[in-house]
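Below is one structure, written out as structure tokens; comments come after it.
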């Protein structure tokens with residue numbers, strides 16, 4: 001049986017980079033993971049008579065005490081998305097020094113995000129603002145809110161830590177092939193942008209509404 | 001390596017500045033003290049715009065082939081299905 005190829009027909013070979021396809025499929029699974037939690041949170045806030053928007057039991061302004069650290073973290077993650085895309089440009093140009101500079105800043109911003117998040121968690125624990133704290137136990141709305149808050153921001157923080165480790169590994173990479181190296185940077189950058197997109201939704205839902 | 005990267009970097013700076021501007025807008029909307037439903041709609045709309053900018057420009061969805069765009073679209077549709085699927089339950093409880 002003969003196989004007709006695109007080249008035989010004089011057409012350009014159109015093949016998707018399997019690595020990029022794989023990372024996008026992985027991101028799809030991550031969207032489903034976070035999407036389920038987001039849907040549960042929205043249903044709890046809008047659908048429950050105890051926790052609904054405007055109900056006195058729900059923390060007004062959510063975690064307003066942590067608004068400024070969260071705003072700082074939003075700006076930190078957005079900036080890191082910008083620096084990682086610049087790192088990708090440098091890798092595609094074959095500019096290793098430029099890549100190390102931009103990716104170094106990205107890694108530093110990732111560490112900064114986790115440090116601010118750690119500070120925010122420490123404040124919450126210090127004031128007893130946990131699902132099992134006395135304050136929350138006296139108020140079911142707060143209890144539900146803090147359960148969602150720690151689950152979703154914690155899961156996101158875990159993703160940031162993984163992305164940080166991935167970026168740091170690339171920073172120390174000695175890959176001799178510029179094309180292959182640029183592809184590796186692209187995969188890591190896609191993951192890092194996804195982490196940023198998740199935070200873009202977490203920020204208003206947990207700190208502003 | 002890639003001659004397109006230089007002009008792209010200017011575009012990325014513009015996108016970055018737009019993302020910072022939209023973040024400020026989100027906080028301003030929250031501080032304006034809108035009615036809850038309006039506040040939620042405004043905050044999620046701005047978040048959607050920010051996610052769109054990141055996806056289209058930083059993740060290069062605008063330049064990807066249909067298979068990758070289809071995977072990204074499947075994710076968005078799945079989240080929308082989850083959100084719309086819970087609406088009847090919310091409507092019955094309110």
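All of the numbers you see were taken from the coordinates with simple rules; none came from a lab. Since the model is a prediction, treat every value here as computed from it, not as a measurement. Note: ideal-geometry Cβ built from the backbone for every residue, glycine included; neighbour counts use all protein chains shown.
Between helix B:36-53 and chain B there is an angle of about 20 degrees, using the helix long axis and the longest principal axis of the Cα atoms.
List A:126, B:60, A:193 from most exposed to least, where exposure is judged by having the fewest other Cβ atoms within 10 Å.
With the fewest neighbours first, A:126, B:60, A:193 line up as A:126, B:60, A:193.
Measuring r between the beta carbons of residue B:66 and residue A:139 and using R0 = 45 Å, the FRET efficiency lands at 0.35. Per residue of B:68-81, other chain Cβ atoms within 10 Å of the residue Cβ number 4 on average. For segment A:64-209, pairs of C-alpha atoms spaced more than 19 angstrom apart make up 53 percent of the total. Helix B:5-31 and the longest principal axis of the Cα set of chain B meet at an angle near 20°. Normalising by the residue count of segment B:1-63, find the relative contact order in percent from Cα pairs under 8 Å and 6+ residues apart. Value for segment B:1-63: 36 percent. Can you give me the P(r) profile for segment B:1-63? Cα pairs, bins 5 angstrom wide beginning at 0, each as a whole percent. Whole-percent P(r) values from 0 Å outward: 4, 17, 22, 19, 13, 10, 7, 4, 2, 1, 0.
Relative to the longest principal axis of the Cα atoms of chain B, the long axis of helix B:66-85 makes an angle of roughly 10 degrees.
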